[in-house]
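Shown next, in structure tokens, is the structure this report addresses.
The values are calculated or read from the model by the stated rules, or taken from the named source; none is laboratory data. Since the model is a prediction, treat every value here as computed from it, not as a measurement. When we count neighbours, we look across all protein chains shown, and the Cβ atoms used for this are built from the backbone with ideal geometry, even at glycine. The accessibility values were calculated without ligands, DNA or RNA, using every heavy atom of the protein model including side chains. Shrake-Rupley method; radii C 1.70, N 1.55, O 1.52, S 1.80 Å.
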Amino acid sequence: MRADLLSPMTTRFTRPVVSIGDIEALEQLPYDSLVPARSLYQLFEATARLHPDRQALTVLTRKSGQTCEVSRTHRELLADLSQAANLFRSFGITPGGPTIAFLCPILPQVFPALLGAQVAGVASSINFMLSETAIADLLEAQGARVLVIPSESTDVAIWQKAKNVATRMSSLRTILVMGESHDVEDRFVSFDESIAAQRNSLDFEPSIDRELVCALFHTGGTTGRPKLVRLTHGNQIHAAWSFAQVHGIDERDVALNGFPLFHVGGTMTAGLSVLAAGGHVVIPSPYSLRSPEAIRDFWHIVDRFRATIISGVPTSIAALAEVPIGSCDIGTVRMALTGGSVLPKAIGDRFQDRTGLRLFETYGMTETAAAIAFNPGLGEPLQGSVGFRAPFARTKIVSLGDADMRSECPPLTSGLVLAKGPQVFPGYVDPSHNVGVLTEDHWIVTGDVGYLTPDQRLVLTGREKDLIVRSGHNIDPAAIEDVANAFPGVQMSSAVGMPDAYAGEVPILFVVPSPNQTIDAEQLREFVDNNVNEPPARPRRIVQLDALPVTAVGKIFKPALRDLAVREKVGAEIERIFGAGTGAEIEVDKDDKLNTLVRVSVASDDEKLVAELAKSLSALPQTYRIERRSP
């Protein structure tokens, strides 16, 4: 028995957290006494020792129309990830060496294999909905030697993508195929047969360096220059521990994980945070909550597994609000977690009214392993607030006009949100991407705007950064703009987020024609749709302008475009409800907390239609004030 396992400790919560005082009390104790694990492997050694026969992971799948499940105890999970780590080492995966990538839905073997890959070396999970070109660029950028994919019979679309990508990349030495496959040839190897030959205990000594990078996550970047976040063992351990402390997670919790594993929400928020505390994670389908069957059966799954925590991005929360609970017993649920993008108030209210469950918003970034702020799971969530900071971390608000980012704002005064702590990543794979994101003293510039309440809860009021967040999916505007700017006759373009009741926001593209040029709107639309690799990044609307708003130094002023996007959205709703040609005045402003406030005056005497407009706009993240005037 190794010395570090004589007194194993999970990440289960140490004391109930209901206020910032409880977090400060934790910080009075030595860090290593609270967080002894120095690697992901040690987390799972501890849970296997302390809770060997408790359920750790269940993945629900469908076969021939029937729901099937594969479950692992904590002892079995450790054995599975050990086998996977041994397998990947045998293929040359080591820390600092070539990497392994997963292009897979959440099959029963995937989560243990992904964890094992991080024990062996460096791993990534790639969004399988990306285009072949984007996937190839990511594999190239991360130096991938091994790719894990589903068999053709499991997912023919991903299988075909992977085969096409493999023909373009000689650097991929091995493609491991999960599931039955009769077409294994050349570099394609059966994962199931290969892992069966491995021992279920490690063949090598795992690293105990918390600063060692073990995971990569894609968080935007245009084709040819993807932005890859590096996360260390220590980043993920601290994030998992922080979630457990503030959410009050222990071995009795059962969490339905509604996030994909190519998102830190899936790996961290409702994944490692629960597993490392000795709890039970249930995956409702290989495709998370994108599966219509998983949404339809969700409350039955809650009832069946006696779930205590459920989770999903705001679009999933909106969908679940429409599913009847019926006779299902959901009284075991103590937390409904959401994050990844702005939760529109109307959707939150509708979900809580229909289910009786309280929503707990969390706030994080890929660059912080999802962990910046949390509403206390054993306390009261404050609607509109994303909660308290992580223990042993800091959050500060700096003046938007302060280029040096040293002038801190007093409570209730909005400014730029910065965070610092053990969960903050060491930087991107491409160091040039660090500029403007990491300060010299390792604060991360979130790009979000918000304020701290007197009791140190964080309230987000807007976003300074350019990133568009659609249903938790990060979209780099440059991925849209680079395509539009290549269209003949386009002088300049700029993409921002337009409010959307379902997705929080969707892309809208503004274009300016070159002098003496005319842009064919239909041809531009077709060109953009065909050449933007990520389907969620394809703009919902394309609007032509005479000129883009710019700052004094000539930089495109995106806040003005975001205001214009709000007006476009309101104008579209007015046309839909009242008909074309209806007069309206739309004014976009900020209140004293820098929340977006939209005043709409519509030329109509029809009170019923005005009420319909007010209801439609109430589902959007901004605040709307509607009045009518005589036509």
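Taken over the range 502-534, the criterion of being open to solvent by 60 Å² or more (accessible area, probe 1.4 Å) and of a type outside the set (A, V, I, L, M, F, W, C) is satisfied by Tyr502, Pro515, Asn516, Gln517, Thr518, Asp520, Glu522, Gln523, Arg525, Glu526, Asn530, Asn531. Kindly check whether there is at least one residue in the range 440-447 that is in a loop (DSSP other than H, G, I, E, B) and hydrophobic (A, V, I, L, M, F, W, C). Among the residues of the range 440-447, at least one is in a loop (DSSP other than H, G, I, E, B) and hydrophobic (A, V, I, L, M, F, W, C), which makes the answer yes.
Selection within the range 535-570: residues that are charged (D, E, K, R) and assigned to a helix (DSSP H, G or I). The member of this set that is surrounded by the fewest Cβ atoms within 10 Å (Cβ to Cβ) is Arg567.
Quick check on the range 171-180. Is at least one of its residues surrounded by fewer than 16 Cβ atoms within 10 Å (Cβ to Cβ) and either farther than 23 Å from Ser90 by Cβ or among the polar types (S, T, N, Q) (or both)?
Kept after step one, since they are surrounded by fewer than 16 Cβ atoms within 10 Å (Cβ to Cβ), are these residues of the range 171-180: 171, 173, 180.
From the residues that got through so far, the ones that are either farther than 23 Å from Ser90 by Cβ or among the polar types (S, T, N, Q) (or both) too are 171.
So far as the range 171-180 goes, yes, one or more of its residues are surrounded by fewer than 16 Cβ atoms within 10 Å (Cβ to Cβ) and either farther than 23 Å from Ser90 by Cβ or among the polar types (S, T, N, Q) (or both).
Only a single item in (1) of a type outside the set (Val, Ile, Thr); (2) under 30 Å from Ala37 (Cα atoms); (3) open to solvent by less than 30 Å² (accessible area, probe 1.4 Å); (4) not in a loop (DSSP other than H, G, I, E, B) is not met by Asn127, and it is number (4). Only one of the numbered conditions (1) in contact with a helix residue (DSSP H, G or I) (Cβ under 6 Å, 6 or more places away or on another chain); (2) closer than 22 Å to Phe111 by Cβ; (3) open to solvent by 50 Å² or more (accessible area, probe 1.4 Å) is not met by Arg168, and that is (2).
The requirement of being open to solvent by 30 Å² or more (accessible area, probe 1.4 Å), farther than 23 Å from Ala196 by Cβ and part of a helix (DSSP H, G or I) is fulfilled nowhere in the range 56-72; no residue meets it. Among the residues of the range 309-327, write down those that are of a type outside the set (A, V, I, L, M), surrounded by fewer than 21 Cβ atoms within 10 Å (Cβ to Cβ) and under 21 Å from Phe360 (Cβ atoms). Residue satisfying the conditions is Glu322 alone.
Among the strands (runs of 3 or more DSSP E) confined wholly to the range 172-290, which include 2 or more residues that are touching a residue at least 60 places away in the same chain (Cβ under 8 Å)?
Result: 174-178, 213-218, 228-232, 280-283.
Can you find even one residue in the range 45-55 that is modelled with pLDDT of 95 or more, surrounded by fewer than 20 Cβ atoms within 10 Å (Cβ to Cβ) and in a strand (DSSP E or B)? Yes, the conditions are met somewhere in the range 45-55.
Quick check, is Phe88 in a helix (DSSP H, G or I) and under 24 Å from the mean Cα position of the chain (by Cα)? No; evaluated as a whole, the condition is false for this residue.
You will find that of Val417, Val424, the residue that is in contact with a helix residue (DSSP H, G or I) (Cβ under 6 Å, 6 or more places away or on another chain), crowded, with 16+ Cβ neighbours inside 10 Å and of a type outside the set (Phe, Trp, Tyr) is Val424 and no other.
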